[in-house]
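Read the structure below first, then the notes.
What follows draws every value from the coordinates through simple rules; no lab data is involved. Please read these numbers as outputs of a predicted model, since none were measured by experiment. Here the Cβ positions follow ideal geometry from the backbone for every residue, glycine too, while neighbour counts run over all protein chains shown.
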Ligand SMILES: [Zn+2]
Ligand SMILES: [Zn+2]
Ligand SMILES: [Zn+2]
């Protein structure tokens, strides 16, 4: 089902595209400079997650972040096998593109990976 694209949706999407990293509600609200109220941002992000445009990351700081999906557009379920990285210095949350494999106990089968690793990112490590 194709959904109508409202100007608000387009604005939120373009902020996410420009950021090229995951953003929290607060970051989005700030980037949109008060043009869209908080409740609308929440609603749009939930819709994007349902539609497979973005995925939700609950980071180890307890906040939710939203990142654009690369390959799961318009699928029923998100299927991700990447970890997320939260930098403790610049506070960026990003999707790690390399695949991570985990060794599970016998008889367990992994279907989703939803891990967050925090530390120092490559930009901050250089400085
Ligand atoms: Zn996804
Ligand atoms: Zn950093
Ligand atoms: Zn991700």
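Conditions (1) within 19 Å of residue 82 (Cα to Cα); (2) over 10 Å from the mean Cα position of the chain (by Cα); (3) away from ligand 3 (no atom under 12 Å from the Cβ), marked per residue:
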{"residue": "27", "(1), (2), (3)": "no, yes, yes"}
{"residue": "40", "(1), (2), (3)": "no, yes, yes"}
{"residue": "46", "(1), (2), (3)": "no, yes, yes"}
{"residue": "56", "(1), (2), (3)": "yes, no, no"}
{"residue": "70", "(1), (2), (3)": "yes, yes, no"}
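Among the conditions (1) more than 26 Å from residue 125 (Cα to Cα); (2) exposed (fewer than 15 other Cβ atoms within 10 Å of the Cβ); (3) within 12 Å of ligand 3 (Cβ to nearest atom), residue 50 misses just one, which is (3).
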